[in-house]
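The values are calculated or read from the model by the stated rules, or taken from the named source; none is laboratory data. Quick caveat: nothing in here was measured; it's all calculated off a predicted structure. Cβ placement follows ideal geometry from the backbone for every residue including glycine, while neighbour counts extend to all protein chains displayed.
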Amino acid sequence: MDIPGRSSSGLPEEVVTCLDNARFLHLATSHNDVPHVSLMKYTYLPSTPFSSSPTIIMTTPPSSRKTLNLEANPKVSLLVHDWVSHRPPTLSSSPDQARSPERSSLANLLMGFNSASISRISVSLNGTAQFLEPGSEEEEWCKARHRESNAFGENVQSDPFGISGDAGAGSYIEGQEVRVVVVKIRDGRISDWQESVKDFSVEGASSAAPLVNGV
């Protein structure tokens, strides 16, 4: 079933901006009705020499759980957002419990500016994943683009969350045996901080999968 909403051969401008600006996405896979979510580095391309469809490139270790899930069920969902998430100070219900020190007016002002300029939308995407043939021209091309798009300056910390391994931000590692997986985007949903949503679909994409979040 198609997601009702606007349809075009490419992704909406705000989705492209979000994909261009974000550094990680959440990849949801499933097998035998058991879901699994992975935090992934990715590369977004509006098209490639091998496909005219909007494409997400990722890499994964051959023995990881998400790899096994994708081999059994290639239908995936992706979540990407440009929000900066922070919790405001909370008031304790217990008078004996010490409260966190309040931020200064300047700190609150700066945080407000930062949130207003960055916190905009989240995007849920549906698509079909495909492992590329090892050693093929397409695999080498996609791997090179993925490496280039995740090559940051030396002053940028490569692992800002202090996490590693398959449970962390799965990414291409030079010299490590990995599988290159591409996701052809079929449709999706845009949500903003006011809980308004807009659905979209990509013309010519398969429509055999369910709606985003089952809605």
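Worth a mention:
- Looking across segment 68-92, the residues that are over 12 Å from the mean Cα position of the chain (by Cα), modelled with pLDDT of 95 or more and either surrounded by fewer than 19 Cβ atoms within 10 Å (Cβ to Cβ) or closer than 18 Å to VAL123 by Cα (or both) come down to LEU68, GLU71, ALA72, ASN73, PRO74, LYS75.
- The condition of being among the basic types (Lys, Arg), at pLDDT below 95 and under 24 Å from GLU71 (Cα atoms) holds for only one of ARG103, ARG120, ARG147, ARG186, that being ARG147.
- Of everything listed in (1) among the polar types (S, T, N, Q); (2) closer than 15 Å to LEU132 by Cβ; (3) out of contact with any helix residue (DSSP H, G or I) (no Cβ under 7 Å at 6 or more places or on another chain); (4) at pLDDT 95 or above, the single unmet condition for SER53 is (4).
- Within segment 189-203, considering residues that are among the acidic types (Asp, Glu) and in a strand (DSSP E or B), the one modelled with the highest pLDDT: ASP199
- Residue ID - surrounded by the fewest Cβ atoms within 10 Å (Cβ to Cβ), chosen from residues in segment 15-47 that are closer than 22 Å to SER149 by Cα and touching a Lys or Arg at 6+ places or on another chain (Cβ under 8 Å): ARG23
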